[in-house]
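The values are calculated or read from the model by the stated rules, or taken from the named source; none is laboratory data. In this text the structure is predicted, and so the values were computed from the model without any measurement. So basically every Cβ, Gly included, is an ideal-geometry build from the backbone, and we count neighbours across all protein chains shown.
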């Protein structure tokens, strides 16, 4: 993989993150505007909206962590290759014990961001449906 491919991958990841965070920010604002003015919103809708908010915030946090770590991942040539989009484990040996820890790769960031966004979107739609069709 040459440098132009790496730059294209980084550009696409940054654009995807910006788009995703923008959609999540709009959804959070919509939840606030919709449920602020309504009286007698069901507890199910409030619960779904709250859970949706948490998932969106976690996704935004993971997106910003990816953007913060992307220069370091891209700077290391072995971090940005075909294996970057898979989950890897690194084994560290110490004198007392063997320690295994998960290494966050580009693939682990993007899959977790996508999952949390998907759960948040599902709960957002569920909150809107229950907020408009269920009485308190």
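Of 69, 17, all but one fail to be modelled with pLDDT of 80 or more, assigned to a helix (DSSP H, G or I) and touching a helix residue (DSSP H, G or I) at 6+ places or on another chain (Cβ under 6 Å); the exception is 17.
Residue 107: at pLDDT 75 or above and either surrounded by fewer than 19 Cβ atoms within 10 Å (Cβ to Cβ) or touching a strand residue (DSSP E or B) at 6+ places or on another chain (Cβ under 9 Å) (or both), yes or no? Yes, satisfied.
Regarding the stretch 22-38, can at least one residue be identified that is more than 15 Å from residue 118 (Cα to Cα) and outside any helix (DSSP H, G or I)? Checked against the condition, which is being more than 15 Å from residue 118 (Cα to Cα) and outside any helix (DSSP H, G or I), the stretch 22-38 yields at least one hit. Applying the set (1) out of contact with any strand residue (DSSP E or B) (no Cβ under 7 Å at 6 or more places or on another chain); (2) modelled with pLDDT under 70; (3) not in a helix (DSSP H, G or I) to residue 91 leaves exactly one unmet item: (1).
Scanning the stretch 112-135 for residues that are within 10 Å of the chain's Cα centre (by Cα), in contact (Cβ under 8 Å) with a residue 12 or more places away in the chain and over 12 Å from residue 49 (Cα atoms) yields 112, 113, 116, 117.
As a summary of the residue check, residue 26 satisfies the conditions (1) surrounded by 12 or more Cβ atoms within 10 Å (Cβ to Cβ); (2) modelled with pLDDT of 90 or more except for the one numbered (1).
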